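Trainee: First the structure, then my questions, so here it is.
Each reported figure results from applying straightforward, stated rules to the coordinates on display, with no laboratory input. Note that this is a predicted model, so its numbers are computed, not measured. In this analysis, Cβ positions are derived from the backbone assuming ideal geometry, glycine residues included, and neighbour counts consider all displayed protein chains.
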Amino acid sequence: MAKNTSTKNTAEWNYAASPESTSHIRLEKKYQLFINNEWVSPSSKKYFPSTNPASEEVLAEIAWANDVDVDKAVKAARKAYQEVWSKLSGAERGKYIYRIARMMQERAREFAVIESLDCGKPIRESRDVDVPLACNHFFYYAGWADKLEYAMPHKKPEALGVAGQIIPWNFPLLMAAWKIAPALAAGNTVVLKPAETTSLTALKLAEIIKDSGLPPGVVNIVTGYGDTGAAIVNHPDIDKIAFTGSTNVGKIIQRAIAGTHKKSTLELGGKSANIIFDDAPIDQAVEGIVNGIFFNQGHVCCAGSRLFVQENIAERVIHKLKSRMESLYVGDPLDKNTDIGAINSKEQLETIEKYIRIGKEEGAEIYQSQCAIPSKGYFCRPTLFTGVSQSHVIAQEEIFGPVLTIQTFRTVDEVIQKANNTPYGLAAGVWTDKGSRIFNLTTKLRAGVVWANTYNKFDPVSPFGGYKESGFGREGGVHGLGAYLK
Ligand code: NAI
Ligand code: MG
């Protein structure tokens, strides 16, 4: 095999820019709170900007809900639950959910462009992953609404009541769909809070909810920062908290609801292992590694951020990985050629840069791709560290950026022990030609999802969730319904 040692950016990767048009999207200058199917100004009278992380420009002003506003939303959700939603048949609820899915699909392009503008993710991903998957979640759960007795045989499934849902900024629309669709199918009403840097697609979804004729108060969307989220968590008339975000905030929420009637599901951070054995198809595995950590700028809770390579193929894998990194395009999220878009916020970029500094100080060897990055906006080159040991901070803590640590192993037992040696347990990947080895590892890796010879694949039908400090409860599939039923 010819050995290509060049890892420099080559001209063959220089495509002409191919930006997606923004002419068809409609954004208001100012967004109010969505309560009772109406746009309500916040009693705090405060607004905050939502910016485009690729240009640092303000896209819109967003209402900042305080506890008075949250109380209004919870009251609307309670009234809708008692007077309308709990009295409808499952088939009727299903029709509304199905209608929402159809309307989202019709406006898919608008959703994709707004997601990329507000969040920084490449248009290719928002167009091909986030928006279609979000629609699929509504379609999927629409089908369950009149079949709850089949989902929970020999039980009398009953809704919990009002669900408070708090979501992060890495998959804004998709997380809203993950939360809202099963809650409605199971017969609950909802108060949802998007993350402060990415409220826009949830507010667009509110437009659809209003147009779909969903009864007022069934879905309420309140925007704001952590204090708005805390007001939802601490509201006495909430029956269930569904949270996706950092392990720190997950712990705060658990403390806040301890001893109350509130049920909860928490989907928290991760430090997932991607494991490559020497019999794996190397080129596919390298694609899987790239997809596992550089997909969505590494803003993925189940990102394959720790790579374990069998020692005898480490040199080859690392060499191929470095050349592949050189072909990745970092830049304008709206450009259809872009592989890696903008880091979601200045704060998150600073966090990632802090970890890169720590990695160098710890003595690990850094490699970053040579590509040019825009001078404006928040961007980070794909980065890998070799010479990493278990005790290094960069191998222990969630970085939530395009930063990969590489370690080697010799035996199966050794890699299982190393992969499990983390407080997290969200996901893992195994690359090998041997089926028996896959089964051996899937039973021994303490992770909610284990992918075999692939990575970062999602489907509404399959449950998702963590072990240990990655949280508890499952979203997606029949399991996801259980989280919203008595
Ligand atoms: P975060 O956990 O603070 O934010 C997630 C959501 O929780 C947002 O909607 C936020 O407004 C809300 N929130 C914040 N404080 C709250 C409180 N006390 N009570 C209720 N809700 C509250 O995450 P952040 O600060 O944006 O990111 C920090 C780190 O968290 C990242 O660097 C990453 O490591 C991790 N993270 C993990 C995610 C995951 O999917 N597992 C998603 C986002 C962040
Ligand atoms: Mg934004």
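Trainee: How are the C-alpha pair distances of segment 7-162 spread across 5 Å bins, as whole percents from the shortest bin up?
Mentor: The percentages, shortest bin first, are 1, 8, 11, 13, 15, 16, 14, 9, 5, 3, 2, 2, 1.
Trainee: Further question: Taking a ≥ b ≥ c as the square roots of the eigenvalues of the Cα gyration tensor of segment 395-469, is the shape rounded (a/c under 1.5), prolate (a/b larger than b/c) or oblate?
Mentor: Since a/c stays below 1.5, the shape of segment 395-469 is classed as rounded.
Trainee: Rounded to the nearest 20 Debye, what is the dipole magnitude of segment 273-459 about its Cα centre when Lys and Arg each give +1 and Asp and Glu each give -1 at the C-beta?
Mentor: Magnitude of the dipole: close to 120 debye.
Trainee: PRE reach from Gln254 (point 7 Å along Cα→Cβ): which of segment 397-427 fall under 15 Å by backbone N?
Mentor: 423-426
Trainee: Still on this structure: Would you kindly derive the ³J(HN,Hα) couplings of segment 88-104 from the backbone phi angles with the Karplus curve 6.51 cos²θ - 1.76 cosθ + 1.60 (θ = phi - 60°), listing them in order in whole Hz, with x for Gly and Pro?
Mentor: 6, 6, x, 5, 5, 4, x, 4, 5, 5, 4, 4, 4, 4, 4, 5, 5
Trainee: Hey, could you get me the Stokes-Einstein D for the chain, Kirkwood radius over alpha-carbon pairs, 25 °C and 0.890 mPa s, rounded to whole µm² s⁻¹?
Mentor: Value of D from the Cα-based Kirkwood radius: 107 µm²/s.
Trainee: Also, quick follow-up: For segment 42-97, state which trypsin sites (Lys or Arg not before Pro) are in a DSSP loop and have at most 12 other beta carbons lying within 10 Å of their beta carbon.
Mentor: Answer in residue order: Lys45.
Trainee: So for the pair Thr442, Glu56, with labels modelled 7 Å out along Cα→Cβ, what separation do we get in nm?
Mentor: 4.8 nm
Trainee: Sort the following peptides by mean Cβ neighbour count (other Cβ atoms within 10 Å, averaged over residues), highest first: 355-363, 274-282.
Mentor: 274-282, 355-363
Trainee: Take the alpha carbon atoms of segment 450-486, find their center, do the same for segment 67-108, and report the distance between the two centers in whole angstrom.
Mentor: When both Cα centres are located, 23 Å separates them.
Trainee: Need one number: nm distance between label points at Ser21 and Glu83, each 7 Å from Cα along Cα→Cβ, rounded to one decimal.
Mentor: My value for the distance between the label points is 4.5 nm.
Trainee: Do the sum for the chain: with -39,500 (n - 2.57) for every DSSP H run of n ≥ 4, divided by all residues, what is the mean residue ellipticity at 222 nm, to the nearest 500 deg cm²/dmol?
Mentor: Computed ellipticity for the chain at 222 nm equals -11500 deg cm²/dmol.
Trainee: Using a/c under 1.5 as the rounded threshold, could you call segment 96-217 rounded, prolate or oblate? The axes a ≥ b ≥ c are square roots of the C-alpha gyration tensor eigenvalues, and prolate needs a/b larger than b/c, oblate otherwise.
Mentor: Prolate, since a/c reaches 1.5 and a/b exceeds b/c.
Trainee: Tell me, what are the semi-axes, in whole angstrom and largest first, of the equivalent ellipsoid of segment 273-459 as set by the roots of 5 times the Cα gyration tensor eigenvalues?
Mentor: The answer is 26, 17, 16 Å, longest axis first.
Trainee: Taking R0 as 45 Å, what FRET efficiency do you get between Gln396 and Glu158 from their Cβ-Cβ distance, rounded to the nearest 0.05?
Mentor: According to the calculation, E is roughly 0.60.
Trainee: Let me ask you something else. Please list the non-local residues whose amide H lies under 5 Å from the amide H of Val388, H modeled 1.01 Å from N, same-chain partners needing a gap of 5 or more.
Mentor: Amide H neighbours of Val388, under 5 Å, 5+ apart: Ile406.
Trainee: For the chain, what is the charge dipole size about the Cα centre, in debye to the nearest 20, if Lys and Arg each add +1 at the Cβ and Asp and Glu each add -1 at the Cβ?
Mentor: Its charge dipole is roughly 1000 debye.
Trainee: Within the set Lys179/Lys360; Lys418/Lys486; Lys155/Lys262; Lys79/Lys271; Lys95/Lys457; Lys271/Lys486, which residue pairs have Cα atoms separated by over 30 Å?
Mentor: Lys179/Lys360; Lys418/Lys486; Lys79/Lys271; Lys271/Lys486
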